[in-house]
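The values are calculated or read from the model by the stated rules, or taken from the named source; none is laboratory data. No experiment lies behind these values; they were computed from the predicted model shown. Glycine gets a Cβ as well: all are built from the backbone with ideal geometry, and neighbour counts include every protein chain shown.
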Amino acid sequence: DTGVSQNPRHKITKRGQNVTFRCDPISEHNRLYWYRQTLGQGPEFLTYFQNEAQLEKSRLLSDRFSAERPKGSFSTLEIQRTEQGDSAMYLCASSVMQGPPSSYEQYFGPGTRLTVT
Amino acid sequence: AQSVTQPDIHITVSEGASLELRCNYSYGATPYLFWYVQSPGQGLQLLLKYFSGDTLVQGIKGFEAEFKRSQSSFNLRKPSVHWSDAAEYFCAVARNNDMRFGAGTRLTVKP
């Protein structure tokens, strides 16, 4: 079990550029979540997938954000036309698809820290 | 509104001393409860969880937490803190496809 992995670990970009992050969940986990975490705060939910279906999106996920999980395995999170306010740690988590409460037991990756200059 | 509160932003304890981190929640029904730990620059690691049953739950690294329904609390405890416990600790609650995290408590351990 290699755990949840995320790439890249750090990304520095200029305002207005597009960025894409990748998350590889634990292999037997069907659910995949994206969170955003800013300094001094806990993670804030962005979106989640069950297999390849995106089932829920937070109001935090503006039109510039898009997430995919095309084959139900890895997922990508793309931010278009980045803004300085997008600077944050982006965390990915995965869980099993069983009913609650097991599906709430989420395992997190190390995160991708985005800095927009 | 549903919320999770960690009243202490920062706590400092001496190595070997006991620790208690507070977590209070406001939810329509008793949610599922979690504590996570985050070391600098890292993701979150699950310490322990409460789903039902015995209100005192044991976790990894010698941590335990007690669920008190009457106080809507789920406080994290450790009898003797080690320097390696210095980190950020997050309480989380989940119910009805909604999972929320507290703002965290940063733990500093003095030698």
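Might you check whether a residue that is facing chain B (nearest Cβ under 10 Å), touching a Cys at 6+ places or on another chain (Cβ under 9 Å) and under 28 Å from residue B:87 (Cα atoms) occurs anywhere in segment A:41-52? Checked against the condition, which is being facing chain B (nearest Cβ under 10 Å), touching a Cys at 6+ places or on another chain (Cβ under 9 Å) and under 28 Å from residue B:87 (Cα atoms), segment A:41-52 yields at least one hit.
For segment A:5-60, taking the residues that are among the polar types (S, T, N, Q) and closer than 30 Å to residue B:8 by Cβ, the one that is surrounded by the fewest Cβ atoms within 10 Å (Cβ to Cβ) is identified as A:38.
Among the residues of segment B:89-111, those identified as in a strand (DSSP E or B) and either exposed (fewer than 12 other Cβ atoms within 10 Å of the Cβ) or more than 9 Å from chain A (Cβ to nearest Cβ) (or both) are B:89, B:93, B:105, B:107, B:108, B:109, B:110. Checked against (1) assigned to a strand (DSSP E or B); (2) over 15 Å from the mean Cα position of the chain (by Cα), residue A:22 meets all criteria but (2). Does residue A:114 satisfy the condition of being over 11 Å from the mean Cα position of the chain (by Cα), surrounded by 13 or more Cβ atoms within 10 Å (Cβ to Cβ) and assigned to a strand (DSSP E or B)? Yes. Check off (1) within 18 Å of residue A:104 (Cα to Cα); (2) modelled with pLDDT of 95 or more; (3) among the hydrophobic types (A, V, I, L, M, F, W, C) for residue B:44 and give me the number that stays unchecked. It is condition (2) that residue B:44 fails.
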